[in-house]
1. Through the Karplus equation 6.51 cos²θ - 1.76 cosθ + 1.60, θ set to phi - 60°, convert the phi angles of the stretch 61-73 into ³J(HN,Hα) values in whole Hz; use x for Gly and Pro.
2. What do you get for the angle between helix 118-133 and the principal long axis of the chain? Use alpha-carbon atoms, 0 to 90 degrees, nearest ten.
3. Return one whole number: the accessible area per residue of the chain in Å², for a 1.4 Å probe.
4. In cubic angstrom, how much convex hull volume per residue do the alpha carbon atoms of the chain span?
5. Enter the angle in degrees (range 0 to 90, nearest 10) between the Cα long axis of helix 17-28 and the first principal axis of the Cα atoms of the chain, meaning the one along which they spread out most.
6. Relative to the Cα centre, what is the charge dipole magnitude of the stretch 91-174, using +1 at the beta carbon of each Lys and Arg, -1 at the beta carbon of each Asp and Glu, and rounding to the nearest 20 debye?
7. By per-residue mean of other Cβ atoms within 10 Å, what is the highest-first order of 107-117, 142-152?
8. Answer with one residue from CYS123, GLY192, ALA159: the one whose Cα lies farthest towards the positive end of the charge dipole of the stretch 98-234, charges on Cβ with Lys, Arg +1 and Asp, Glu -1.
Amino acid sequence: MSKLKGKWALVTGASRGVGRQVALGLAEQGCRLLLHARQSQHLGPLLEELRGKKVEARAVAAELSNATEVDALIDGVLRDLGGVDILYNNAAIMSPWRDAHTTPVDDYRNSFEVNVIALTRLCDRFLPPMLERRWGRIVNVTSGIQNIRELLPYSMSKAAVDRYVRDVTPSLEGTGVIMSLLDPGWLRTDLGGDKAPNAVETCLPGALVPVLLEDGAPSGKFYCAQDYRTDAPS
Ligand SMILES: NC(=O)c1ccc[n+]([C@@H]2O[C@H](COP(=O)([O-])OP(=O)(O)OC[C@H]3O[C@@H](n4cnc5c(N)ncnc54)[C@H](OP(=O)(O)O)[C@@H]3O)[C@@H](O)[C@H]2O)c1
């Protein structure tokens, strides 16, 4: 039986792309799921699929650039469940392609609000109940993007996520809570685009590795989902 059986997992951005794959993978492991998207309706097909498999799943909604909506989501989960066992911070936005020196301030603002500030808020508020229970897994999704100056707001936001994990994780040593970084690889999703070399399904099983870590494994590690592929590259 999976060691994750019955654990509550919140997956942000679960309606499509990587988040949908992660949700399906966690369901296979016996998790109960809180599926997030900007609007609950976006989660209808996945909810139906999971319930068809007798998986306990609920939809939660929040626009992650809106701090009030993020806090309302967290308040609701804390009230109903007391917290989550697994927080999978997957949702993110890609900034528009901009020629050098033309990036508007709002590109940076939007990227940081969704990709960094919401993520850190979710971590900071779900960590205390995990620490009390002395068990938790937090996965913050990052990216291997580099040297593309036209996408700097996106790549800088992911660098900030990396820095958050680097600076928070020393304090998690010995607590039972393990926080990790996960790069899913360049995938054909709405965010990754149709030129990406990898099908979205190839993020599994690697994307589950940081959730399945043994108790006592170190925090702050970087996992690349593509390293765990069992099939030939597509
Ligand atoms: N795809 C790649 O090649 C690639 C490479 C490296 C890293 N990543 C990372 O992998 C993660 C998932 O990417 P993906 O390719 O699966 O993206 P995606 O297909 O575009 O899916 C994005 C998900 O995030 C949600 N979302 C988008 N904007 C949001 C907002 N403002 N507020 C709340 N939720 C929002 C979407 O929900 P709605 O249905 O409501 O829109 C959707 O569920 C991201 O962290 C990304 O940076 C992806």
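The values are calculated or read from the model by the stated rules, or taken from the named source; none is laboratory data. Please read these numbers as outputs of a predicted model, since none were measured by experiment. As a convention, Cβ positions derive from the backbone with ideal geometry for all residues, glycine included, and neighbour counts pool all protein chains shown. We work out accessible area using only protein heavy atoms, side chains counted, and drop any ligands, DNA or RNA first. Shrake-Rupley method; radii C 1.70, N 1.55, O 1.52, S 1.80 Å.
1. 10, 6, 7, 6, 7, 10, 4, 5, 5, 4, 5, 5, 4
2. The two axes meet at around 20 degrees.
3. That works out to 48 Å² for each residue.
4. 125
5. With both axes taken from Cα atoms, the answer is about 10 degrees.
6. That gives a dipole near 280 debye.
7. 107-117, 142-152
8. CYS123
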